[in-house]
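Below: one structure, written as structure tokens.
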Ligand SMILES: [Zn+2]
């Protein structure tokens, strides 16, 4: 049996098409997951437009934000059964003996390979998933929301684990994409006052960010950053997809403040980072997520404390991937979701 898949087949810009692929065979520690929904990530768009910063194993099925039902179990899998509702983490291949894996930080294992670039992802009907990647999805959490657990985990790691917010902090989020808006939403849950910054072209996406109780700022945020005591914001969360926004972050942050960089881009920088030194600022990177973050985010989604419905711009069959990608690419929607056909 063959099913359609959204395949990124070469490194050249625009090298994505629908191909018919076989149902994957699974190993003894894997399950076969029947995909219910898969989110389109900025990184899927970057591979499509060929401006990504990571190595890709071409050809590869795109998609790493997904959930669905277990339809087959490998011989050594225990604790799961056919029919279970699950979402999957993204670290499809890790070295379990890497020192980072041994301390639970397998997301930082340098040999890690993820779905959608290292191994085949979920923009198709069936995907092979190691059982260690799975998390239960409670019955009340619909898959159109559950498939966005992954970007919520990226935001949770950036805001909770890597930014150390305290209630009342004034936080500025740079970039109103999915990760930026979710970082803003999680910072609100932490009790922060949040301003989210975008460009004039981001008006629609900033309007959506307002639904999470954020201040929205087009262009220069220095007035809002300095409104309290003239010194700047406690924390800047940089979720823009370029490195150059670090300059803006260094300007907006208060002395002894914190900058967390979760957005990335391969362009080199051409400015001084002296303000980091002079202001005694902490610059923190944030990458991916691990098991305890997933469990906590699923709880937040299931209780409705974190609601992803405002960011969902539509659900398309995977055969209409190009419409779904274009809408996100042009900022018409924050997040596109696909479902297999
Ligand atoms: Zn993603």
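The residues 332, 30, when put in order of fewest to most other Cβ atoms within 10 Å, stand as 332, 30.
Please work out whether region 168-267 counts as rounded, prolate or oblate from its C-alpha gyration tensor, where a ≥ b ≥ c are the square roots of the eigenvalues and a/c under 1.5 means rounded, while otherwise a/b larger than b/c means prolate and anything else oblate?
In terms of gyration-tensor shape, rounded.
Working from the Cα coordinates of region 239-318, the gyration tensor eigenvalues give, after taking √(5λ), semi-axes of 32, 18, 12 Å in decreasing order. Helix 178-189 and the longest principal axis of the C-alpha atoms of the chain enclose an angle of approximately 70°. Over 5 Å intervals from 0, what percent of Cα-Cα pairs in region 56-208 sits in each interval? Calculated P(r), rounded to whole percents: 2, 8, 14, 16, 18, 17, 13, 7, 4, 1, 0. Give me the Debye-computed log₁₀ of I(q)/I(0) at q = 0.10, 0.12, 0.16 Å⁻¹ for the chain, equal point scatterers on Cα only, no solvent, two decimals. Debye intensities relative to I(0), on a log10 scale: -0.58, -0.83, -1.42.
Ranked for footprinting exposure by Cβ neighbours inside 10 Å, fewest first, 291, 321, 48 give 291, 48, 321.
For Cα pairs less than 8 Å apart in space and 6+ apart in sequence, what is the mean separation divided by the residue count of region 1-130, i.e. the relative contact order in percent?
Values: 293 pairs, mean separation 41.3, N = 130.
It comes to 32 percent, rounded to a whole number.
Please list, by residue number, everything in region 48-65 whose backbone N is under 18 Å from a paramagnetic label point 7 Å out along Cα→Cβ of residue 10. Output list for this probe position: 48-52, 56-62. Per residue, the convex hull spanned by the alpha carbons of region 164-211 comes to 62 Å³. Residues 258, 136 in ascending order of nearby Cβ atoms (within 10 Å, fewest first): 136, 258. Calculated mean residue ellipticity at 222 nm for the chain: -6500 deg cm²/dmol, from DSSP H runs with n ≥ 4 weighted as -39500 (n - 2.57), summed, divided by the residue count and rounded to 500.
Normalise the Debye intensity by I(0) for region 1-127, one equal point scatterer per Cα, no solvent, then take log10 at q = 0.10, 0.11, 0.14, 0.19 Å⁻¹ and round to two decimals. For region 1-127 at q = 0.10, 0.11, 0.14, 0.19 Å⁻¹, log10 I(q)/I(0) is -0.33, -0.40, -0.64, -1.12. With the biggest extent put first, the Cα atoms of region 1-57 measure 35, 23, 21 Å across the principal axes. For region 159-228, the relative contact order works out to 30 percent when only alpha carbon pairs closer than 8 Å and six or more residues apart are counted. Where both bridge residues fall in the chain, DSSP classifies roughly 55% of the beta bridges as antiparallel.
Calculated on the alpha-carbon coordinates, the convex hull of region 289-341 measures out at 107 cubic angstrom per residue. Spread over its residues, the convex hull of the C-alpha atoms of region 58-139 is 110 Å³ per residue. Taking the three principal axes of the alpha carbon atoms in region 195-341, the coordinate ranges are 56, 33, 29 Å, sorted in descending order.
Principal axis analysis of the Cα atoms in region 118-200 yields extents of 43, 30, 26 Å, listed in decreasing size.
Throughout, read-outs are computed from the coordinates displayed, never taken from laboratory work. Nothing here was measured: the structure is a model prediction, and the numbers come from that model. Positions of Cβ are backbone-derived with ideal geometry, glycine not excepted, and every protein chain shown enters the neighbour counts.
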